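The next block holds one structure in the form of structure tokens; read it before the comments.
The values are calculated or read from the model by the stated rules, or taken from the named source; none is laboratory data. Because the structure is predicted, anything quoted here is derived from the model rather than measured. Reconstructed Cβ throughout: ideal geometry from the backbone, glycine too, with neighbour counts over all protein chains shown. Just so you know, the surface numbers come from the protein's heavy atoms only, side chains and all, with ligands and any DNA or RNA stripped out. Shrake-Rupley method; radii C 1.70, N 1.55, O 1.52, S 1.80 Å.
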Amino acid sequence: MLDRLAGNAALKAELGAALRTGRLPHAVLLVGEAGCGAGFAARCLAADYLYPAGGPHAEAVLKGEDTECLVLRGEGASGQIPVKRVREMREAIQHSALSTDAAGRVLFIYGAQNLNGSSANAMLKIIEEPPEGVLFLLTATSAATVLPTIRSRCAAYTIAPVPTDECAALLRREGLPGAQAEELAFVYEGHVGTALRAYRDAATRTALAQAKELCGYAAQNDTYRALALLTRYERDREGCLGLLWQLDQLCSAVLRRPGYGTACGGLRPDAAARILRATAEARRTVTANGNLRLTVALLAAQIA
């Protein structure tokens with residue numbers, strides 16, 4: 001299944017060789033920016049580990065539906081992985097029988113940077129003395145954000161974005177129209193997962209479309225319409241952050257390829273740079289729980 005991961009040839013060769021020779025570490029940390037495919041890579045590796053011959057069970061692992069796979073991820077407003085959930089997973093691993101169909105069992109820890117001190121200590125107890133046949137697969141956006149006690153027990157591998165043309169080809173195979181596949185591959189710089197989410201997820205698609213609208217209003221110096229759009233977010237902190245992120249991607253794309261400004265309402269590089277400065281200031285205010293209504297009003301004035 002690792003061959004389904006786009007790009008990352010050296011990584012796939014190294015992990016594939018470790019699997020074939022039985023040298024795969026019992027704890028693997030896959031590091032990659034959001035949208036690079038670290039979670040998908042973890043599921044591919046799990047499928048190859050549990051079901052070397054492939055088949056329906058391996059496909060179920062890729063879909064997150066296999067019973068031999070346990071999952072930990074952040075919860076609640078804090079996004080942290082609670083120690084209670086770690087202890088539950090530890091009990092499940094230690095006191096449940098392995099399936100006769102699988103070569104072992106896998107525990108996914110998605111977003112290992114969200115393990116706090118207590119949950120990390122609880123996880124260490126089982127990583128240091130793992131039950132037979134259990135593989136721990138952790139993902140993180142950066143190795144530096146994972147607590148050293150956890151990071152030092154794992155073999156770390158980096159998942160890289162794929163070249164833009166390869167990303168576009170993969171998106172076309174997933175059903176995206178050619179022009180849209182090329183645009184999303186360029187805007188998101190080869191981050192396959194992010195591009196697919198912008199195509200498939202309605203909220204992400206809306207945020208991208210509204211970010212393009214704002215770019216057009218900025219190009220036209222139309223503060224009124226910019227403010228009218230942004231006021232939709234004056235009570236939606238998470239939505240506002242998502243919109244700011246999409247604005248950053250579009251403006252960065254214009255700076256990399258000024259001709260792309262025509263797809264963003266005629267946005268010029270100097271205006272794109274101004275928007276990037278404004279969104280950085282707005283993001284600091286929003287994440288610090290500042291006044292959202294005032295923030296969006298100020299942002300409209302700054303970008304247009």
Inset, instruction - Name the single residue, out of those in the stretch 133-149 being among the hydroxyl-bearing types (S, T, Y) and not in a loop (DSSP other than H, G, I, E, B), that is surrounded by the most Cβ atoms within 10 Å (Cβ to Cβ). - result: T139
Legend entry - Spans of helices (runs of 4 or more DSSP H) in the stretch 236-304 with at least 2 residues more than 23 Å from T194 (Cβ to Cβ) and over 21 Å from the mean Cα position of the chain (by Cα): 269-287, 292-303
Inset, instruction - Considering only residues that are closer than 21 Å to L50 by Cα and in a strand (DSSP E or B), look in the stretch 96-132 and name the one that is modelled with the lowest pLDDT. - result: R105
Inset, instruction - Enumerate the pairs (first residue in the stretch 171-199 and farther than 20 Å from S252 by Cβ; second residue anywhere and hydrophobic (A, V, I, L, M, F, W, C)) with beta-carbon separation below 6 Å, excluding pairs fewer than 6 apart on the same chain, so at least 6 apart or on different chains. - result: R172/A181
Legend entry - Per-region count, the stretch 150-161, residues open to solvent by 10 Å² or more (accessible area, probe 1.4 Å), touching a residue at least 40 places away in the same chain (Cβ under 8 Å) and out of contact with any His (no Cβ under 6 Å at 6 or more places or on another chain): 8
Legend entry - Scan of the stretch 277-296 for residues that are open to solvent by 40 Å² or more (accessible area, probe 1.4 Å) and of a type outside the set (S, T, Y), ordered by number: R277, E281, R283, R284, A288, N289, N291, R293, L294
Legend entry - Selection from the stretch 242-276 of residues that are of a type outside the set (A, V, I, L, M), open to solvent by 10 Å² or more (accessible area, probe 1.4 Å) and either more than 22 Å from A34 (Cα to Cα) or in contact with a Phe, Trp or Tyr (Cβ under 6 Å, 6 or more places away or on another chain) (or both): R257, P258, G259, Y260, T262, G265, G266, R268, P269, D270, R274
Inset, instruction - Mind listing whichever residues of the stretch 9-23 are within 12 Å of A155 (Cα to Cα) and touching a Leu at 6+ places or on another chain (Cβ under 7 Å)? - result: L15, A18
